[in-house]
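Notes follow the structure.
The values are calculated or read from the model by the stated rules, or taken from the named source; none is laboratory data. Just so you know, these numbers come straight off a predicted model, no measurement behind them. FYI the Cβ positions are ideal-geometry reconstructions off the backbone, even for glycines, and counts take in every protein chain you see. Accessible surface areas use protein heavy atoms only, side chains included; no ligands, DNA or RNA. Shrake-Rupley method; radii C 1.70, N 1.55, O 1.52, S 1.80 Å.
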Amino acid sequence: DRTQKIYVILDPCHMLKLLRNVFSTVGVLVREDGQQIMWKYIEELHKLQEKEGLRLGNKLKMAHIQWRNQKMK
């Protein structure tokens, strides 16, 4: 009977992109307490920042909103 330990190292940048992709595809994530987190608020924040000509320290760009155009990057 042989057992072997397997170690997994997750790439944080890749994990964040996967989360973003799921979040934008599903549209709503639900917290443990039932509170909804909606993708539309991310889109609205981006629109507001573009309209006002500023970024609120989050580096949110159109490429983050329309990520499907550059899926393989």
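For this structure, a couple of remarks:
- Taking all protein chains into account, the per residue accessible area for segment 1-47 stands at 94 Å² (1.4 Å probe).
- Residues within the reach of a label modelled at Asp11 (point 7 angstrom out along Cα to beta-carbon, backbone nitrogen below 19 Å), restricted to segment 44-72, are 64, 67-72.
- The solvent-accessible area of Met62, taken with every protein chain present and a 1.4 Å probe, is close to 90 Å².
- Anisotropy class of the chain from Cα gyration tensor, a/c 1.5 cut: prolate
- Förster radius 25 Å - calculated FRET efficiency between Met62 and Ile37 (Cβ-Cβ, nearest 0.05): 0.75
- Most mobile of Arg31, Arg20, Arg55 in a GNM of the chain (Cα contacts under 10 Å): Arg31
- Carbon/sulfur fraction of accessible area - the chain, other protein chains in place, 1.4 Å, %: 57 percent
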